[in-house]
Amino acid sequence: MNSHDPRNDSGVRTLDEAHRLHKTPALIPRTDFGSYVSGFVDGEGCFCVSFHPSRRHRFGWEVRPSFSVSQNADRADLLYVLKETWECGSIRPDRSDKTIKFEIRNVRDLLMKVVAHFRVYPLLSSKQADVERFSSICRWMSEGRHLERDGFEQIVRTAMEMNPSGKRKYSGSEILGSLRSGERIVYATSNRGRT
């Protein structure tokens, strides 16, 4: 018996398949494009700061800020327009919910493209408070504050205030209670040379 339900599956397995579906003329950029993007993100976007245990990173944790927005493949045109307009990020199939996801993780791009956009075109829902916290965390990371214990702790506390209805793998108390002394540090090129 086949349990496949076409209502829950875009049928897209690769980005090549998704790209063939994009024929929506309504997405020609207009003067109110910024407002449209903000409205779209208000409903479908996510501002997230996650933490992952890491022996390579100072204090034993890697901080991963990211912005993402997902859509079913047959309505994913805006994701490609966003990637082209902001000139950063990546688009990939998201197997967890069978959608297409546009995601930005680079701290500089998050500040220069994402945060800059939502300063000009703020969200109208309570999600704007997450944008403000996200903006602060990205700015602190660009300043290297995640490499100082006080700064790292402030980032953890601020991140834990975001997405209150979401599930986290690690609680703030777990992260803060397990911080090592910070004696080791490895430099990476992806986030302005700092980890």
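The values are calculated or read from the model by the stated rules, or taken from the named source; none is laboratory data. Being a predicted model, the structure only gives us computed values, none of them experimental. Glycine also receives a Cβ, built like all others from the backbone with ideal geometry; neighbour counts cover every protein chain displayed. The protein model used for the area step is the full one, side chains on, heavy atoms only, and it has no ligands, DNA or RNA in it. Shrake-Rupley method; radii C 1.70, N 1.55, O 1.52, S 1.80 Å.
Return yes or no: is E44 touching a Lys or Arg at 6+ places or on another chain (Cβ under 8 Å), surrounded by fewer than 20 Cβ atoms within 10 Å (Cβ to Cβ) and at pLDDT 85 or above? Spelling it out, it is not the case that E44 is touching a Lys or Arg at 6+ places or on another chain (Cβ under 8 Å), surrounded by fewer than 20 Cβ atoms within 10 Å (Cβ to Cβ) and at pLDDT 85 or above. Confirm whether K101 is in a strand (DSSP E or B) and open to solvent by 10 Å² or more (accessible area, probe 1.4 Å). Against the criterion (in a strand (DSSP E or B) and open to solvent by 10 Å² or more (accessible area, probe 1.4 Å)), K101 qualifies. Scanning region 42-64 for residues that are touching a residue at least 12 places away in the same chain (Cβ under 8 Å) and part of a helix (DSSP H, G or I) gives D42, E44, R58, F59, G60.
Could you look through region 47-60, keep only residues that are open to solvent by less than 20 Å² (accessible area, probe 1.4 Å) and hydrophobic (A, V, I, L, M, F, W, C), and pick out the one that is farthest from G144 (Cα to Cα)? So the residue we want is F47. Across region 116-130, the qualifying residues are those that are assigned to a helix (DSSP H, G or I) and of a type in the set (A, V, I, L, M), and the one among them that is most open to solvent (accessible area, probe 1.4 Å) is V120. Residue count for region 137-181 under the criterion of being touching a Gly at 6+ places or on another chain (Cβ under 7 Å) and not hydrophobic (A, V, I, L, M, F, W, C): the result is 5. Taken together, the residues in region 82-119 that are closer than 17 Å to C138 by Cα and in contact (Cβ under 8 Å) with a residue 40 or more places away in the chain amount to 8. Each residue in region 72-112 was checked for being among the aliphatic types (A, V, I, L, M) and closer than 19 Å to T158 by Cα, and 3 pass. What tally of residues in region 63-84 results from selecting those that are open to solvent by less than 70 Å² (accessible area, probe 1.4 Å) and within 23 Å of E132 (Cβ to Cβ)? The qualifying residues number 8. Taken together, R149, R168, R133 contain a single residue that is surrounded by fewer than 18 Cβ atoms within 10 Å (Cβ to Cβ), at pLDDT 85 or above and closer than 25 Å to D42 by Cβ, which is R168. Which ones in region 38-71 are small (G, A, S) and closer than 15 Å to R157 by Cα? Within region 38-71, just S50 meets the criteria. Among the residues making up region 104-115, those that are open to solvent by 30 Å² or more (accessible area, probe 1.4 Å), in a helix (DSSP H, G or I) and over 22 Å from D77 (Cβ atoms) are R108, L111, M112.
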